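Below: the structure, in structure tokens.
The values are calculated or read from the model by the stated rules, or taken from the named source; none is laboratory data. All values reported here derive from a predicted model rather than from experimental measurement. Here the Cβ positions follow ideal geometry from the backbone for every residue, glycine too, while neighbour counts run over all protein chains shown. For accessibility, only protein heavy atoms count, side chains too; no ligands or nucleic acids. Shrake-Rupley method; radii C 1.70, N 1.55, O 1.52, S 1.80 Å.
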Amino acid sequence: MLFRSTVKALGALLDKIGPAIVVVHSQSGAYGLDLIRQHADKVRAFVDVEGSCGPLSADDVSKSFRNVPTLIVFGDYTEGSTGPNNDERRKLCNASVAAINGAGGTAKFMHLPTLGIKGNGHMMMMDTNNLQIADLIIDWLGQSTAVAKN
């Protein structure tokens with residue numbers, strides 16, 4: 001019940017303020033996914049920081065997600081993890097990115113260690129290099145929302 005209420009409240013907020021960029025972290029990733037399913041027309045971009053990012057059905061992708069530029073960000077410590085941010089979640093996130101891109105949408109999986117940025121935990125917004133990560137996200141938003149407008 002709380003899940004549905006939260007997504008409904010987020011939808012009402014978008015109705016009130018207009019289109020917005022939605023940024024989620026961890027468990028709230030699932031809220032963001034449902035928000036896009038219900039209000040894709042009001043989500044200008046979606047940034048998911050180590051959150052739930054699927055599974056997405058083909059119907060989800062074709063009706064909603066291919067129209068919303070999506071960035072999924074993962075730091076270190078997920079490989080081999082037994083917690084919720086583990087290999088399976090990362091694989092699911094990569095599959096979601098592939099599905100969105102395959103349907104003609106814009107999606108990117110940003111794995112920080114692959115970019116040479118190491119040492120980030122699940123709360124990367126609190127890590128000492130948080131401004132570097134924020135800059136990467138802001139740069140991606142600038143590029144992807146410019147493409148989405150054209």
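Report whether or not LYS91 is at pLDDT 95 or above and either closer than 23 Å to ALA134 by Cα or of a type in the set (D, E, K, R) (or both). Break it down into steps so the answer makes sense when it comes.
Working: at pLDDT 95 or above: no; either closer than 23 Å to ALA134 by Cα or of a type in the set (D, E, K, R) (or both): yes.
Judged against the criteria, LYS91 is not a match.
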For a quick check of your reading of the model, give me the residue pairs whose first member lies in the range 106-117 and is among the small types (Gly, Ala, Ser), whose second is open to solvent by 50 Å² or more (accessible area, probe 1.4 Å), with beta-carbon atoms closer than 7 Å and at least 6 apart or on different chains. ALA107/ASN101
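Restricting attention to the range 113-143, which residues are among the charged types (D, E, K, R) and surrounded by 15 or more Cβ atoms within 10 Å (Cβ to Cβ)? So that I can check it myself, show each step before the final result.
Within the range 113-143, the subset among the charged types (D, E, K, R) is 118, 127, 135, 139.
The one that is among the charged types (D, E, K, R) and surrounded by 15 or more Cβ atoms within 10 Å (Cβ to Cβ): ASP127.
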The range 6-39: number of residues that are in contact (Cβ under 8 Å) with a residue 40 or more places away in the chain and open to solvent by less than 50 Å² (accessible area, probe 1.4 Å): 2
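Would a scan of the range 65-79 turn up a residue that is modelled with pLDDT of 85 or more and out of contact with any strand residue (DSSP E or B) (no Cβ under 9 Å at 6 or more places or on another chain)?
Within the range 65-79, not a single residue is modelled with pLDDT of 85 or more and out of contact with any strand residue (DSSP E or B) (no Cβ under 9 Å at 6 or more places or on another chain).
Evaluate the following for ASN101: is it assigned to a helix (DSSP H, G or I), open to solvent by 20 Å² or more (accessible area, probe 1.4 Å) and at pLDDT 95 or above?
Values: assigned to a helix (DSSP H, G or I): yes; open to solvent by 20 Å² or more (accessible area, probe 1.4 Å): yes; at pLDDT 95 or above: yes.
Yes, satisfied.
Can you tell me which residue within the range 39-54, out of those that are modelled with pLDDT under 95 and not in a strand (DSSP E or B), is farthest from the chain's Cα centre (by Cα)?
Initial filter on the range 39-54 (modelled with pLDDT under 95): 49-54.
From what is left, the residues that are not in a strand (DSSP E or B) are 50-54.
Values: GLU50: 8, GLY51: 7, SER52: 8, CYS53: 7, GLY54: 10 Å.
Per the criteria, the residue is GLY54.
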